[in-house]
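The values are calculated or read from the model by the stated rules, or taken from the named source; none is laboratory data. Computed from a predicted structure; not experimentally measured. Heads up, the Cβs are rebuilt from the backbone with ideal geometry, glycines too, and the neighbour counts pull from every protein chain shown.
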Amino acid sequence: MRTGKIFRDLRYSIFYGLLLNRQFRLERLGNPATGCAWTFHPDVLGPESVVYSGGVGNDITFEHALVQRFGCRVVLFDPSPTGLATMAKPENQLPQFTFEPVGLSSGPGTLDLAAPINADEGSWYLQPAASAQIRVPCCDLSTLLKKHGHSRVDLLKIDIEGSEFSVLDDILARRIPVRQICVEYHHGMIPGIRRSQTIRSILALRRRGYRLLHQDGTNHTFLWTAAWPPRN
């Protein structure tokens, strides 16, 4: 068993070594102690940038730092009890924040969520209805862009506890112009999600023109490196 794990880890190390693009400047913002620090390419961001953040949880230090660093506005999404409680705090009532109590998905409807595996961390996660405790509203990125009057996303952060695969597939299928994506894949953390799903997602993004700039555990950063905005 241990030998098999060593070879699997070596295989994935080679995989990332081949895919990582190291020519872009990177910056890290957020609180690493809570797992809410994200690495990204800062040169494509400024005061007029459109930033969407899916998954509030109990820590939005990254979003606060983006506002302070770039002066941009951030649209945040999270329908979970943890996210609602976080966004109700006085310190999170910034004029630069717009909050939507919905989950990101591949289409409008509902999501079935199970209670957090780690109560202190607080992340409700996607599960079949039979295993879920709550049902929450959800919406696709394209619809949300229309609602907020945006034609593109300059930075999309998604830490959405198992919904990331359908959201990324939807972005690629609809060719939604998203310049940079920071995503946490949840293989090995949420029951039923396999690392092979993450690998397929990474390769799908690469085929569509995204380059992998950074990988730290399950956190990944992708950048559209062709002409911006892309043509349909």
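Tabulated data for the structure shown
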{"item": "Every pair of residues 6+ apart whose Cβ atoms lie under 8 Å, when the first sits in the stretch 59-70 and is under 13 Å from residue 48 (Cα atoms) while the second is modelled with pLDDT of 95 or more and assigned to a helix (DSSP H, G or I)", "result": "69/42; 70/42"}
{"item": "Candidates 57, 30, filtered to the one that is assigned to a loop (DSSP other than H, G, I, E, B), surrounded by 14 or more Cβ atoms within 10 Å (Cβ to Cβ), modelled with pLDDT of 90 or more and in contact with a strand residue (DSSP E or B) (Cβ under 9 Å, 6 or more places away or on another chain)", "result": "57"}
{"item": "The stretch 89-137 - residue that is part of a loop (DSSP other than H, G, I, E, B) and among the charged types (D, E, K, R) and, of those, nearest to residue 189 (Cα to Cα)", "result": "121"}
{"item": "Test: residue in the stretch 179-202 that is basic (Lys, Arg) and crowded, with 22+ Cβ neighbours inside 10 Å", "result": "yes"}
{"item": "Residues within the stretch 128-154 that are under 15 Å from the mean Cα position of the chain (by Cα) and farther than 20 Å from residue 83 by Cα, tallied", "result": "2"}
{"item": "Hey, residue 132 surrounded by fewer than 19 Cβ atoms within 10 Å (Cβ to Cβ), hydrophobic (A, V, I, L, M, F, W, C), more than 22 Å from residue 66 (Cβ to Cβ) and at pLDDT below 95 or not", "result": "yes"}
{"item": "Matching entry among 172, 205, 213, 168 (being at pLDDT 95 or above and surrounded by fewer than 19 Cβ atoms within 10 Å (Cβ to Cβ))", "result": "172"}
{"item": "Cβ-Cβ under 9 Å pairs, at least 6 apart or on other chains, the stretch 10-21 side more than 13 Å from residue 217 (Cα to Cα) and part of a helix (DSSP H, G or I), far side charged (D, E, K, R) and modelled with pLDDT under 85", "result": "none"}
{"item": "Residue tally, condition assigned to a helix (DSSP H, G or I), surrounded by fewer than 23 Cβ atoms within 10 Å (Cβ to Cβ) and touching a strand residue (DSSP E or B) at 6+ places or on another chain (Cβ under 9 Å), over the stretch 69-83", "result": "3"}
{"item": "Tally of residues being at pLDDT 95 or above and either closer than 16 Å to residue 211 by Cα or in a strand (DSSP E or B) (or both) across the stretch 44-54", "result": "5"}
{"item": "Single residue of the stretch 216-232 satisfying the filter (part of a strand (DSSP E or B) and polar (S, T, N, Q)) that is modelled with the highest pLDDT", "result": "221"}
